1. Could you run the Karplus curve 6.51 cos²θ - 1.76 cosθ + 1.60 with θ = phi - 60° over the range 153-167 and give me ³J(HN,Hα) per residue in whole Hz, x for Gly and Pro?
2. List, largest first, the extents of the alpha carbons of the range 291-368 along their principal axes, each in whole Å.
3. Roughly speaking, to the nearest percent, how much of the chain's 1.4 Å accessible area is carbon and sulfur?
4. Regarding the range 142-241, what are the three Cα extents along the principal axes, ordered largest first, in Å?
5. Give me the compactness ratio for the chain, meaning the Cα radius of gyration over 2.2 N^0.38 Å.
6. Among the lysines, which have Cα under 25 Å from the Cα of K312 when same-chain residues fewer than 8 positions away are ignored?
7. Mind listing the long-range amide H neighbours of L69? Cut-off is under 5 Å, sequence gap 5 or more, other chains count too, H placed in the peptide plane at 1.01 Å from N.
8. Which far-off residues, 5 or more places away or on another chain, put their amide H under 5 Å from the one on L217, with H placed in the peptide plane?
Amino acid sequence: MTLIRAQQTEARRPAAAAKLEPHHAPAHPACRSCGAPLGTVFADLGPMPVSNAFVRPEQAAGGEKFYPLKVCVCERCWLVQTENHMAPETHFHDDYAYFSGYSETWLAHCRAFAAHAVERFGLNSQSRVVEIASNDGHLLQYFVHRRIPCLGVDPAANCAKVAWDEHRVRTDVAFFGTRTAARLLEQSGTADLIVANNVLAHVPDINDFVAGFKILLKPEGTASFEFPHILELIRNSQFDTIYHEHYSYPSLIALKPLFRRHGLDIVDVERLQTHGGSLRLYVRHAETAAAAGRTVSEIEAEEVAAGLTSAKAYAAFDARVHALKQALRILLIDLTHANKTVVGYGAPAKGNTLLNFCGIGTDILPFTADRSTHKQGLLLPGTHIPIRAPEEIFAFRPDFVLMLPWNLREEIMTQLAGIRAWGGKFIVPVPWPTVLD
Ligand SMILES: [Zn+2]
């Protein structure tokens, strides 16, 4: 326990500085990991609405809040992060509209992960799995099917209800950090596996979050973290994955000292195709961790070779993003001038960054279509483009469909293959605006 207490104390140091950030705009914002002052600008996307703050039609005349969306890199630990001035409560509220359990590609990914984890870590009915940011329980359901005890942790109460009603997944409604970890430890002990898929980036106080894993993880347990890899973001100009709710954009190089600060070591890493190229890290207590697998040093070397330990590689990104904006605007405006119709497909957070940054409104996209019935009938934040059911694409028969969740490209092209009947074509905005033939 002495060790854990020491780690917690250390965790509070940088975290205390970070607490000033959400509500104020300090002259020199500090790195949310190591506390150094932030320097180089990585991308400045201007004022943006909160990307998941969908607007009800009756509220459309009421106005919305816009916040600066500027991402910088820490030149001490190389963590790319938002220079954020928003309180996290703004992002998560009771009717949080994001249910990620709808894409078939994603469900297949979750099912495969559960099977892989059960085998790799020898999980059984005596084990305990905890998932942080478990949403509607769509991942944990695969552990429930195998009768492995599990618990979700998620701040959205409505997601927790769906998780129980539909998947019999129990959820503790809370943000995860040292306080929640200590409470869960007292209530039901340590966990053999803690899963944190696509949540690390969403955490404002990243030190307190990681310190929570140190508390809740069994001495021989493993924590698994998935996150979009900044190297792919840079290589493929995936600037639209930047939004206020994504506080950090990690590399392996940036995460290593963060975990080490809290007595945890990265022991293995896998490359994933999800979200345009992600990493899955396996992390264990430093005291029991084996030597890191070869892939860890391979990916680290790749990051260094790509320039991720020098400010230059980061600084070049902003100009590329602005060039992409112009190219997409020219493509869409030219099509409109030629009397071609374009509609959107999908209403993901990344679509809202793209459309707001590029200034694309209802004059170009009369609507976008999304399979989620939770989103249909609402308007996209900022642009107020209406969200309709996918069937409406077939009624409208547009010449082009702008694909907003480009990470689901293959799945969407299969679902909407019917648009070819009237000569309809797809446009992908990233890595460069392109009409797919
Ligand atoms: Zn730093």
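1. 3J(HN,Hα) across the range 153-167, in whole Hz: 10, 7, x, 8, 5, 5, 5, 4, 5, 4, 4, 6, 4, 9, 10.
2. The Cα atoms of the range 291-368 stretch 59, 25, 18 Å along the principal axes, largest first.
3. 53 percent
4. 43, 31, 25
5. Cα-based Rg divided by the globular estimate yields 0.98.
6. Partners within reach: K70, K256, K325.
7. Under 5 Å from the amide H of L69: L45, G46, M48.
8. Sorted by chain and number, the residues that satisfy this are A191.
The values are calculated or read from the model by the stated rules, or taken from the named source; none is laboratory data. Computed from a predicted model, the values in this text were never measured in an experiment. As a convention, Cβ positions derive from the backbone with ideal geometry for all residues, glycine included, and neighbour counts pool all protein chains shown. Calculation scope for accessible area: heavy atoms of the full protein, side chains included, ligands and nucleic acids excluded. Shrake-Rupley method; radii C 1.70, N 1.55, O 1.52, S 1.80 Å.
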